[in-house]
Structures are given as structure tokens and as C-alpha cells.
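Okay, so here's the structure we're looking at.
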Amino acid sequence: MRLLATLLVVLVAAACQNDGDGSLEEAPPDTVSTASDSAGEEPLVVPTRSAELERDAGSKPQEVMDWLGIDGGDQVADIFAGGGYYTYLLSERVGPDGRVWAQGYSPGLAARAEQGDLAGATNVVLVDSLSSLPDGELDAAIIIRGFHLFPDPAELLDELGRALKPGGVVGVEEVRLGQEYGHDMETHRMGEKTVIEEFQKHGFEYVGSSDILYNPDDPHTDFMEGQRHLADRMLLKFAKPGEPTTSTPPTAQRSR
């Protein structure tokens, strides 16, 4: 039953991360980005970095990783990795001395790691469950628009607490609900204080927030199919108690 529940969460997470900007459905069907089995099934579209470039302007991944303090040599978990948009970028960021643990990955990412543009990435490990993350080794973990999928996030937060080093950080990107509290599964949005208090309840320290993904034009009323990477999103940082975290300012001001 747990395996089935995990599979369902991964499938919904893929839908939440399907931004029409290099997602599985949108990648060009060429010989590099498709794979099929010998049974003649419909080809599986494999995500490619070239198909994902358009997403960067809205997702601002380099700014996000900078703000979280992710650097060369780090051990990082990509939670709900999906097609591997962040997995690829984290692999480049941490370099050969670091490692990326991709959890909640899609069949597309599995094929990408086997025969696509991540095939030569020796620092990427695909894991089938949160329990497969290493004990006390992670410098950071990121959860990109996937935290809201857990009606009871205790298992997720307990596993992250186990896998992180003391002082290790968790970066959470979620689509804002437009009010401080709430968890709306029709629009797949959350209130910022709902997320913060859930982490604090499970022993994490709230480090701060950034408005680099703020969008004042988002009406906060719908799912924003195909444009969730452009929605008004919170970006929060939490830390496992222990050694001091990076010296990033608690709040990054939005540019106007």
C-alpha cells in the first residue's frame, strides 16, 4: 500500500511540475529525447536540458540555489524530482565532489539518467523512497512545488531530519494561496504560515524567506495549468538544528 501511495504522489507531483516548458509532454520527439521498449509501446519522451531552458526565466533556479547556499561538493536531495529539471542543475552545481539524490523521479528521469543528458552524471543517484536517503549526510534538500501533496507530511519531515546533517537546510518552493493559512488541493496552493508551522512542529528551525519568486499579478484563484512556474510562489528556508547555517540574510526583498 505504501508503494502504491508513493507512486500516486509522484504522478500528481509530475502534474504539478508540468509547466509546458520542457515537461515530458512538451519535449521535442527526436531521436535524442525519445525512448521505447521492444514491445512497440508508445515512445517515452525523455526530458532534455535544451527543452527546459525556457523555464529558467520564471523558475530562477540559479538564484534559488544561491539563496539556499548550495555549492560545489554538497550532498543534496531533490524531493519529487519529477523529470529532473532541478536534478540536472544540481548535478552541475555540486560538481564531481558532490552528490544529488533524486527521489520521486518519473520514468522520464530514469531514462534520462540511463541514456539522456544525465547518462554521464556520476554524481546523481535515483532513490525509490525517502528511507533510501543516507543517514546524516545531506547538506541540503529541495522540495519544488511538492510539499502540498502530503496530507500528513510527518513521514517526509522525519526522513529529512534523519538524512540531513546538523545545520543542513531544506528549501521549499510552493504556490501561494493568497492568505497566510490554508491548504487547497483544488488549486494546489498553500498558505505560507501553514508550511512554516508544519516544519517547526517537526523540529526544524525557520531560517527565512525570499521573494525572488513573487508574482503580484497572480490572482491566487486557480491551478495555473502549464504556468505554475510563473505563479506567485513562496520560497522558504528551514534548517535542522545544530551547526550554524549559511549567512544568507533572513529575508530577500522583492525587486520592483
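The values are calculated or read from the model by the stated rules, or taken from the named source; none is laboratory data. Please read these numbers as outputs of a predicted model, since none were measured by experiment. Glycine also receives a Cβ, built like all others from the backbone with ideal geometry; neighbour counts cover every protein chain displayed.
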In the set A121, A102, A113, which member is crowded, with 22+ Cβ neighbours inside 10 Å, over 12 Å from the mean Cα position of the chain (by Cα) and free of Cβ contacts under 8 Å to residues at least 40 places away in the same chain?
A113
Do we have A57 as modelled with pLDDT under 95, in a helix (DSSP H, G or I) and under 28 Å from M224 (Cβ atoms) here?
no
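When segment 122-147 is examined, which residues are found to be hydrophobic (A, V, I, L, M, F, W, C), within 23 Å of H188 (Cβ to Cβ) and not in a strand (DSSP E or B)? Talk me through it step by step, then tell me what you get.
Here is the first cut: in segment 122-147, the residues hydrophobic (A, V, I, L, M, F, W, C) are 124-127, 130, 133, 138, 140-144, 147.
Pick out the ones that are also within 23 Å of H188 (Cβ to Cβ) and you get 130, 141-144, 147.
L130, F147, listed by residue number.
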If R162 satisfies all but one of (1) under 18 Å from the mean Cα position of the chain (by Cα); (2) more than 19 Å from D66 (Cα to Cα); (3) in a helix (DSSP H, G or I), what's the number of the condition it fails?
(1)
Those residues of segment 81-99 which are surrounded by fewer than 24 Cβ atoms within 10 Å (Cβ to Cβ), in a loop (DSSP other than H, G, I, E, B) and either at pLDDT below 95 or on the phi < 0 side of the Ramachandran plot (or both), in sequence order
P96, D97, G98
With respect to the numbered conditions (1) surrounded by 15 or more Cβ atoms within 10 Å (Cβ to Cβ); (2) more than 20 Å from G104 (Cβ to Cβ), which one is the sole condition not fulfilled by E180?
(1)
With the requirement that a residue be surrounded by fewer than 16 Cβ atoms within 10 Å (Cβ to Cβ) and modelled with pLDDT under 95, what does segment 218-245 give you?
P219, T221, D222, E225, G226, Q227, G242, E243, P244
Does segment 54-66 contain any residue that is within 13 Å of the chain's Cα centre (by Cα), of a type in the set (A, V, I, L, M, F, W, C) and on the phi < 0 side of the Ramachandran plot?
yes
Kindly indicate the residue of segment 198-217 that is of a type in the set (D, E, K, R) and part of a loop (DSSP other than H, G, I, E, B) and also modelled with the highest pLDDT among those meeting that condition.
D211
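Listed residues E159, E174; which is over 25 Å from D56 (Cβ atoms), touching a helix residue (DSSP H, G or I) at 6+ places or on another chain (Cβ under 8 Å), modelled with pLDDT of 95 or more and among the acidic types (D, E)? Please lay out each step first, then the result.
Working: E174 fails: over 25 Å from D56 (Cβ atoms).
Of the residues listed, the single one that is over 25 Å from D56 (Cβ atoms), touching a helix residue (DSSP H, G or I) at 6+ places or on another chain (Cβ under 8 Å), modelled with pLDDT of 95 or more and among the acidic types (D, E) is E159.
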Hey, any hits in segment 19-29 for a residue that's under 18 Å from L213 (Cβ atoms) and at pLDDT 95 or above?
no
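How about segment 135-160: which of its residues are aromatic (F, W, Y) and surrounded by fewer than 18 Cβ atoms within 10 Å (Cβ to Cβ)? Don't jump to the end; show me each part of the working.
From segment 135-160, those aromatic (F, W, Y) are 147, 150; that's our starting set.
Across segment 135-160, the qualifying residue is only F150.
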